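Engineer: Once you've had a glance at the structure underneath, I'll fire off some questions.
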Amino acid sequence: MFFRKQPIEKRLKKLAHQCQSAKALCVMSAEFLSCPIAILSMPSLPPTVPALSLQYKNQYVILYKLALPLSVERSILHELSHICLGHIDGVKIDLLAVIAGKTIFTDQQERDAEKLANQLLAAITDVRVLLPHTDRVSARFESLVG
Ligand SMILES: [Zn+2]
């Protein structure tokens, strides 16, 4: 796909700064992916599976487990990252394996998706999840404490 050659992470991060939620970012991402992204909540998924993404009938699907709002945002962004980084293109998902808690991605793909998801979440929520001791947070803390 042509867009895969573009700096997709850069485009995503730019978009994230214009979005109020992970779902809104998915809708906007679908435009440059040229493929819709359906986001469906599941009443339950196995404990080790907060969310998963797959391709189904010419669309991407993100299934996520109902949970606390921030963790839902995080899970959706993690799956969106897998989609945008091309991790699920052409991959046959073994749902039984996924339900059994097995990941279909390599450790590197998981790290890449997690890193991008954290950056997107930070852009959307203005909260640094992985880097709680950044200058920005320190400055905010100092302004609150005085
Ligand atoms: Zn993952």
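Every number in this text was worked out from the coordinates using simple rules, so none of it is lab data. Computed from a prediction, not measured in an experiment: that's the story for all the values here. Cβ sites come from the backbone with ideal geometry, for glycine too, and all protein chains shown count toward neighbours.
Engineer: I want to check the label-to-label distance for C35 and T48. Put each point 7 Å from Cα in the C-beta direction and report it in nm to one decimal.
Structural biologist: According to this spin-label approximation, the distance is 2.6 nm.
Engineer: Can you give the net charge of the other residues whose Cβ lies under 14 Å from the Cβ of L63, counting K and R as +1 and D and E as -1?
Structural biologist: Working: positive: K23, K65; negative: E79.
Taking every other residue near L63 into account, the sum is +1.
Engineer: Just to be sure I understand: of the beta bridges DSSP finds with both ends in segment 1-102, what percent are antiparallel, rounded to 5? Kindly include the intermediate steps, with their values, before the conclusion.
Structural biologist: Numbers: 6 of 12 bridges.
Of the beta bridges lying entirely in segment 1-102, close to 50 percent run antiparallel.
Engineer: Count neighbours as other Cβ atoms within 10 Å of each site's Cβ, and list the trypsin sites (Lys or Arg not before Pro) in segment 25-122 that are DSSP loop with at most 10 such neighbours. All intermediate terms of the calculation are to be shown ahead of the outcome.
Structural biologist: Working: sites: K57, K65, R74, K92, K102, R111, K115; in loops: K57, K92, K102.
Hits after loop and neighbour filter: K57, K92.
Engineer: Separate question: Express in nm, to one decimal, how much length is gained between Q20 and E114 on full extension, taking 0.36 nm for each residue of separation and deducting their alpha carbon distance.
Structural biologist: Details: separation 94, 0.36 × 94 = 33.84 nm, distance 1.94 nm.
Fully extending the segment from Q20 to E114 adds 31.9 nm.
Engineer: Work out, step by step, the length gained on full extension between N58 and S71: first 0.36 nm times the residue separation, then minus their alpha carbon distance; give nm to one decimal.
Structural biologist: On the way: separation 13, 0.36 × 13 = 4.68 nm, distance 2.73 nm.
Using 0.36 nm per residue and subtracting the Cα-Cα distance, I get 1.9 nm.
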